[in-house]
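The structure appears right after this line, and notes come after that.
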Amino acid sequence: MSYASEYERSLADPEGFWREQARALPWIEFPTTILDQDANGAWRWFDGGKTNTCWLALDRHVESGRGEQIALIYDSPVTDQIQKFSYQALTDTVAYAAGALAALGVEKGDRVIIYMPMIPEAVIAMLACARIGAIHSVVFGGFAPPELATRIDDATPKVILCASCGIEFSNIIPYKPLVDEAIDLALHKPANTVVVQRAELEADLDREGDLDWADWAGAAERADCVVVDATDPLYILYTSGTTGKPKGVVRDNGGHAVALNYSMEAVYGVDAGDVYWAASDVGWVVGHSYIVYGPLIRGCTSILFEGKPVRTPDAGVFWRVIQDHKVKCFFVAPTAYRAVKKEDPDCALKARYDVSSLEYQFVAGERLDPPTYHWLQDNLGIPVIDHWWQTETGWPMCANMAGIELMETKPGSPTLPVPGYDLRILDENGHELGANEEGAVVIKAPLPPGALPTVWGDHDRYLAAYWSEFEGFYLTGDGGYRDEDGYVYIMGRIDDVINVAGHRLSTGQFEEVVANHPAVAECTVVGIHDADKGQVPFGLVLLKDGVNVAPDQLEKDLVQMVRQGVGAFANFKRAIVVDRLPKTRSGKILRALLRKMIDGEPYTTPSTIDDPAIVPEIDERLRERGVL
Ligand code: COA
Ligand code: AMP
């Protein structure tokens, strides 16, 4: 099969193409319609289909004789544990957790928030929700209480499932006090908090509704899979948009399962029985799609890794895991390999391990910078595949398709659009651009199965954020171009989203926190270049009249506030005081100019600037504070 024919077929006959992919999975009832539009005008896949995602990921493999195969390997260098769950064992454990949720009154359509580190209970919790048709919303464990509180108020969960602590290298991070603080901050109060008590630090279960996971799941009866519609929501995953308020990306059951099942084979080149490892976190979309649902729906063995690329215990840990579990396909963010490369520049540790099982190295989450690409290519000697996607789509939009036809790779490019994605590059007036011309990267409607049909509780925001800029085209928020061979190059966000070590954040999230400092009158936060993390946030603040505060102290205060307001993983480390901010005559802050100035890149003062004298003023402040 050639890539070109598969791609063309997917666009020429989307219904035929996806009907065939839908037939690759069993259904409780096969869809009556493949593609249509709902009452809101949103495109929906597989209407009339009846399914259950937990059944697709677990029970049906047991029913077809794969019960003894390992479904999940928990490999935790931070606790020195390896635990393996067969499909049968994981099905049983999930069935009891689902029964325990049901005993708390959680029913189909109810929301459950999961705030956990990388432990098996996180996966069990997600699948248990799916089993009874409850909608989970996993919140990344690095988020601080105010961010968790925002998500509690938006998702209004009946129950929160969490752990007593997380482990970052050798630091124990108590989670339960963070959950308690978030519940105190939130207007909505979940009825119960169920806590996995970890041996490293047990939590006090002293609030009304607190439960110990072991007792709670231990006392439960098994719950069966509840039949859901293909179009019913499976989960909500919050992601950063252009404002401080995150968007609740909704994922349905049927389209998601079909798309992920297809992608495991077509994009990643793996099938049932293969060992697949995505070293991300369950709190991000990579964790949802390619630690939990994708590999399990396909019948693979998935790895849940509670460790870091380095110092757990060293920069050879990736090779150790690949060797120990015979990983065939490995997926990680480039930032993780930059960390490995920094500690082991010649990749010498790899020689200590047998990594001959590894056939493909995939990377995503941020641009794969050419030096990292070449380092990987030179040291691995297998296909190194950059692929591009986002929380909203749930699976790759551009890739070199290992399961269809591997194309020539071009450093800096995630290769070609994946079947189902009609990718175009548009100028600001909505006209299609030619080869090598940079513009907005958009996808012509309809998006393929798996992509978001709405934003939780706010369909108008969905339309405004994704569909209003260019009629009939989904706005990805990324800028880029295609070369003369059609290869896609993603050059970075064209909105206020920044990407810190593969973690997506919005400048608005930071600005809301920084603006709360009593001395700050106005502020802006921009994403600047960082050699290790790709981007990091940088603050510029104006002080209130008459306020006198030492710049060092102010910077320290702001760093602390962002750690407590957003999370330490956001890497907010610098903020400087300026007298004025560069703005257009209509009052818009010239962020691109600021970014270039701070990065020390060449820039020209835009003609739209209100007062050009601000530029040398800012340059002086940057030099005074040692930024330049
Ligand atoms: N829970 C709590 N805190 C967390 C956290 C989590 N899940 N993740 C990160 N943090 C904290 C860290 O402990 C650190 O705190 P500190 O400032 O008190 O030391 C801070 O956030 C910054 O963390 P990080 O940016 O991760 O830097 P690091 O030096 O701790 O680790 C790497 C460097 C390269 C090991 C790490 O950035 C990494 O693993 N990156 C890959 C991330 C990834 O996979 N992204 C893709 C998602 S799809
Ligand atoms: P997230 O929703 O957290 O997965 O982040 C998605 C964003 O990360 C995209 O919109 C891009 O800006 C960026 N991104 C992800 N993968 C890549 C990639 N392979 N190349 C360039 N940017 C990427």
Quiz item: Once you have the alpha carbon radius of gyration of segment 462-543, what is it after dividing by 2.2 N^0.38 Å, with N set to its residue count?
Solution: 1.37
Exercise. Using R₀ = 25 Å, calculate the FRET efficiency as 1/(1 + (r/R₀)^6) where r is the Cβ-Cβ separation of Arg23 and Glu359; round to 0.05.
Key: 0.35
Quiz item: Which of the aspartates and glutamates could a cross-linker bridge to Lys328, judged by Cα under 13 Å and excluding same-chain residues fewer than eight apart?
Solution: Glu265, Asp271, Asp274, Asp354, Glu359
Quiz prompt | Sequence-distant residues sharing a close amide H with Asp252 (under 5 Å, placed H) | solution = Leu234
Exercise. Would you calculate the separation in nanometres between label points at Glu437 and Ala531, each defined as 7 Å from the Cα along the Cα-to-beta-carbon direction?
Key: 3.8
Quiz item: Can you give me the Cα centroid spacing of segment 29-70 and segment 517-590 in angstrom?
Solution: 46
Exercise. For segment 152-165, take each phi angle, set θ = phi - 60°, evaluate the Karplus expression 6.51 cos²θ - 1.76 cosθ + 1.60, and give the result in whole Hz per residue in order, putting x for glycine and proline.
Key: 5, 5, 7, 8, 6, x, 6, 9, 10, 10, 9, 10, 5, 7
Practice problem: For Val196, list long-range residues whose amide hydrogen, built 1.01 Å from N in the peptide plane, is under 5 Å from its own amide hydrogen. | Solution: Cys162, Ala163, Ser164, Trp213
Practice problem: Taking the Cβ of Glu484 as the centre, find all other residues whose Cβ is under 12 Å away and add up their charges (Lys, Arg: +1; Asp, Glu: -1). | Solution: -1
Exercise. State the extension gain, in nm to one decimal, for the chain segment bounded by Asp427 and Lys84, taking 0.36 nm per residue of separation less the distance between their alpha-carbons.
Key: 118.4 nm
Quiz item: Roughly how many whole Å is it from the C-alpha centroid of segment 341-374 to that of segment 170-234?
Solution: 37
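Please give the net charge around Ser86, taking every other residue with its beta carbon less than 10 angstrom from that of Ser86, where Lys and Arg add +1 and Asp and Glu add -1.
Details: positive: Arg66, Lys84; negative: Glu68, Asp92.
That works out to 0.
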Quiz prompt | Of Lys350/Lys533; Lys247/Lys533; Lys158/Lys556, those spanning more than 27 Å from alpha-carbon to alpha-carbon | solution = Lys158/Lys556
Self-check item: In nm, spacing of pseudo-spin labels at Asp545 and Ala519 (7 Å Cα→C-beta vector)
Solution: 1.9
Self-check item: Estimated inter-spin distance, Phe30 and Glu181, nm [label 7 Å along Cα→Cβ]
Solution: 5.4
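Order 186-195, 605-614, 545-554, 256-265 from most to least packed using the mean count of other Cβ atoms within 10 Å.
Working: 186-195: 18.5, 605-614: 13.1, 545-554: 10.9, 256-265: 27.1.
In descending order of packing, they fall as 256-265, 186-195, 605-614, 545-554.
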Exercise. Starting from the Cα-Cα distance between Met1 and Arg311, subtract it from 0.36 nm times their residue separation and give me the gain in nm to one decimal.
Key: 107.3 nm
Quiz item: In the chain, what percentage of the DSSP-assigned beta bridges are antiparallel, given to the nearest 5?
Solution: 60
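Return the percentage of antiparallel bridges among DSSP beta bridges fully within segment 497-624, rounded to the nearest 5 %.
Numbers: 17 of 21 bridges.
Around 80 percent antiparallel, to the nearest 5.
For each of Tyr293, Tyr353, Tyr235, Tyr489, count neighbouring Cβ atoms within 10 Å of the residue's Cβ, then give the residues from fewest to most. Walk me through the numbers on the way to the answer.
Values: Tyr293 32, Tyr353 16, Tyr235 28, Tyr489 20.
Starting with the residue having the fewest Cβ neighbours, the order is Tyr353, Tyr489, Tyr235, Tyr293.
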Practice problem: List, in order, the whole-Hz ³J(HN,Hα) value for each residue of segment 65-80 obtained from phi through the Karplus relation with A = 6.51, B = -1.76, C = 1.60 and θ = phi - 60°; use x for Gly and Pro. | Solution: x, 9, x, 7, 5, 6, 8, 9, 10, 8, 10, 10, x, 6, 10, 6
Quiz item: For segment 497-624, with the dipole built from +1 on Lys and Arg beta-carbon atoms and -1 on Asp and Glu ones, taken about the Cα centre, which of Ala531, Gly587, Val547 lies farthest toward the positive end?
Solution: Ala531
Quiz item: What ranking do Asp38, Asp274 get, fewest neighbouring Cβ atoms within 10 angstrom at the top?
Solution: Asp38, Asp274
Quiz item: Taking K and R as +1 and D and E as -1, what net charge do the other residues with C-beta under 9 Å from the C-beta of Thr239 add up to?
Solution: +1
Quiz prompt | Shape parameters for the chain, alpha-carbon atoms, Rg then Dmax in Å | solution = 24.0, 74
Quiz item: Stretched out fully, how many nm does the piece from Leu205 to Glu620 gain, at 0.36 nm a residue minus the Cα gap?
Solution: 144.1 nm
Quiz item: How large is the charge dipole for segment 255-414, taken about the Cα centre, if only the Cβ atoms of Lys, Arg (+1) and Asp, Glu (-1) carry charge, to the nearest 20 debye?
Solution: 260
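How do 511-524, 276-289 rank on mean C-beta neighbours within 10 Å, highest first?
On the way: 511-524: 18.4, 276-289: 24.1.
Packing order, densest peptide first, comes out as 276-289, 511-524.
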Exercise. Determine the distance separating the Cα centre of segment 381-433 from the Cα centre of segment 261-330; give it in Å without decimals.
Key: 21
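What Kirkwood Rh does segment 497-624 have if only Cα atoms enter the pairwise 1/r average? Answer in Å. Before the final figure, lay out the partial values.
Values: mean 1/r = 0.0668 Å⁻¹.
15.0 Å is the Kirkwood radius here.
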Exercise. Name the long-range amide H neighbours of Trp395: under 5 Å, sequence gap of 5 or more, or other chain; modelled H, no Pro or chain starts.
Key: Gln390
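Each value in this text was obtained by applying a stated rule to the coordinates, not by laboratory testing. Fair warning: this is a prediction, and the values are worked out from it, not measured in the lab. Here the Cβ is made from the backbone with ideal geometry for all residues, glycine too, and neighbour counts use every protein chain on show.
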